[in-house]
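The values are calculated or read from the model by the stated rules, or taken from the named source; none is laboratory data. Only a predicted model underlies this, so the values are computations on that prediction, with no experimental measurement involved. Counting neighbours? That spans all protein chains shown, and the Cβs are built from the backbone with ideal geometry, glycine included. Calculation scope for accessible area: heavy atoms of the full protein, side chains included, ligands and nucleic acids excluded. Shrake-Rupley method; radii C 1.70, N 1.55, O 1.52, S 1.80 Å.
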Amino acid sequence: MLRFLILSGYFEMMMYLQVSGRLDQYINVHYRYLAVLSMVLSALLALVQLYLWVKADGKKVAHESHDSHDHGLSKLYQRLIAYLLLALPIVVGTLFPTVSLNTTIVEAKGFNFPLSKESVGDPQIQTQYLKPDTSIYFNKSDYQDQMNELKDKYEDEQKIVITDENYLEIMELIYNYPSEFIGKKVSYEGFIYQSKNDNVTDTFLFRFGIIHCVADSGVFGLLTHLPEGMTVQNDDWYKVEGTIQTDFYQPFKREIPSVVVTKAEKITAPENQYVYRAF
């Protein structure tokens, strides 16, 4: 019975996340099929456990050795534990709110990004940077092969249109090989984050991204130079067009890619503010 409760509780939680649309805040949407598969398997296994429990509970005890066996959840504390196990995933999945996606998350997490291949400075310094990093999921040669394949995909494009589907892969390319993207036109959308350093306010355009799951999520994007006289506020969403260049970013004490914005249009925040890495 206990196994049935656990499996059915997991099924109910996954069903709720699917129906409510909150699953994409926990895992890469490209892995949704795995979540659906686990949900179906948990439902089937729960039915099997229920059948076995009902069958065993209906049998009469034939041997004395079985008389000492406690079938089912006859004790109060056992039933309480089972009910808690059943309720726990549902309570966590339904009542615990997911965090709102805004600049307070950026300020809390900071810029947690690895060094770029073309960065200047001591390679041993754990500099926080503005790029998604998938190198930890590959060996060195496989990762380089993947980057080379992506470079070939975009090298002939003079204007790069960044979408939800290719956002993370292009950001990783731009930060890994900034010199190969200098002078190219780019368009993308995201939310404004203004970072104040001394007397200078730097403006970034970010998206929240998930590589595999929420554990490796982050905020990814580019430093932007907005048209003169344009004022923006944190958490405002914009679609921008401009030209890629590099700038010396004082907090990191190194060059980073940036965008000289020629056109900026305020937009409504998308229903799903995450972008996901496709492999």
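Please list, ordered by residue number, the strands (runs of 3 or more DSSP E) wholly in the stretch 236-279 having 1 or more residues that are closer than 30 Å to Leu23 by Cβ, touching a residue at least 60 places away in the same chain (Cβ under 8 Å) and open to solvent by 30 Å² or more (accessible area, probe 1.4 Å). Walk me through it before giving the result.
On the way: elements: 237-249, 254-267, 274-276.
Of the strands (runs of 3 or more DSSP E) lying wholly inside the stretch 236-279, those with at least 1 residues that are closer than 30 Å to Leu23 by Cβ, touching a residue at least 60 places away in the same chain (Cβ under 8 Å) and open to solvent by 30 Å² or more (accessible area, probe 1.4 Å) span 254-267.
Report, by residue number, each residue of the stretch 234-279 that is of a type in the set (A, V, I, L, M) and under 21 Å from Glu165 (Cβ atoms). Reasoning before the result, please.
Let us first name the residues in the stretch 234-279 that are of a type in the set (A, V, I, L, M), namely 240, 244, 256, 259-261, 264, 267, 269, 275, 278.
Passing the criteria: Val240, Ile244, Val259, Ile267, Ala269, Val275, Ala278.
Only residues that are in contact with a helix residue (DSSP H, G or I) (Cβ under 7 Å, 6 or more places away or on another chain) and of a type in the set (A, V, I, L, M, F, W, C): list them for the stretch 171-201, please.
Leu173, Phe181
Being open to solvent by 50 Å² or more (accessible area, probe 1.4 Å) and of a type in the set (Lys, Arg) is the filter here, so list the residues in the stretch 13-52 that pass it.
Arg32
Which numbered condition trips up Ser8, out of (1) open to solvent by less than 60 Å² (accessible area, probe 1.4 Å); (2) at pLDDT below 70; (3) more than 22 Å from Tyr274 (Cβ to Cβ); (4) part of a helix (DSSP H, G or I)?
(2)
So the check is Cβ under 7 Å with 6+ separation or different chains; which pairs have a first residue in the stretch 124-138 that's surrounded by 14 or more Cβ atoms within 10 Å (Cβ to Cβ) and at pLDDT below 50 and a second one that's of a type in the set (Ser, Thr, Tyr) and not in a loop (DSSP other than H, G, I, E, B)?
Qualifying pairs under 7 Å: Tyr129/Tyr175.
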